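A.B. asks: Before I ask anything, let me first share the structure, which is written out below as structure tokens.
The values are calculated or read from the model by the stated rules, or taken from the named source; none is laboratory data. In this text the structure is predicted, and so the values were computed from the model without any measurement. For neighbour counting, all protein chains shown are included, and Cβ atoms are generated from backbone atoms with ideal geometry for every residue, glycine included. With ligands, DNA and RNA removed, areas are computed over all heavy atoms of the protein, side chains included. Shrake-Rupley method; radii C 1.70, N 1.55, O 1.52, S 1.80 Å.
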Amino acid sequence: MEPWLIWVIIAGFFALAEIFTLTAALGMLGGAALITAGTAALGLPAPLQLLVFTVVATLSVVFLRPVALRHVLQPQTERFGVDALIGKSAYVVSEVTGAGGRVRIEGEEWTARAYDETLVIPPGTAVDVMEISGSTALVYPRE
């Protein structure tokens, strides 16, 4: 079997293992194996192939993996779903108390409770969504 084909198979194993582990390290080793396959196809002897694999694998794991992980592990910048409604303004449709009521948030009607349970918020009042608890918006009147 040709040496370059062996390196391609090794790269495939690393790629397959990376799919299951998601560590980025095995993907880097697979890339190093592919680069080594290219050098093997050029006819480099086996000791130099191992040297190329070692150098490329070391450089990629030491320098590229931290960059890749930093991009993957970035905190979520956008809020989605009900989290995106927190801080939005809403309008009271039916009186909101500590026990219940209804508000309209971005065109959708939601059940609501007053964030401060002692408040009674009349219909037509502008409120801010402070929190979402289940399917109920906890609101507080705007100043």
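A.B. asks: Tell me, which strands (runs of 3 or more DSSP E) wholly within region 55-143 include 1 or more residues that are surrounded by fewer than 12 Cβ atoms within 10 Å (Cβ to Cβ)?
C.D. replies: 108-114, 126-133
A.B. asks: Give me the pairs, please: first residue somewhere in region 62-82 and within 14 Å of residue 27 (Cα to Cα), second residue anywhere and assigned to a loop (DSSP other than H, G, I, E, B), beta-carbon distance under 6 Å, and either six or more positions apart or on two chains.
C.D. replies: 65/24; 68/24; 69/24
A.B. asks: Do we find that residue 32 is open to solvent by less than 60 Å² (accessible area, probe 1.4 Å) and either within 30 Å of residue 7 (Cα to Cα) or assigned to a strand (DSSP E or B) (or both) in this structure?
C.D. replies: Yes: the conditions hold for residue 32.
A.B. asks: Sort out which residues of region 13-25 are of a type outside the set (Val, Ile, Thr) and either touching a His at 6+ places or on another chain (Cβ under 8 Å) or open to solvent by 40 Å² or more (accessible area, probe 1.4 Å) (or both), and write them in order of number.
C.D. replies: Residues satisfying the conditions are 13, 14, 15, 16, 20, 22.
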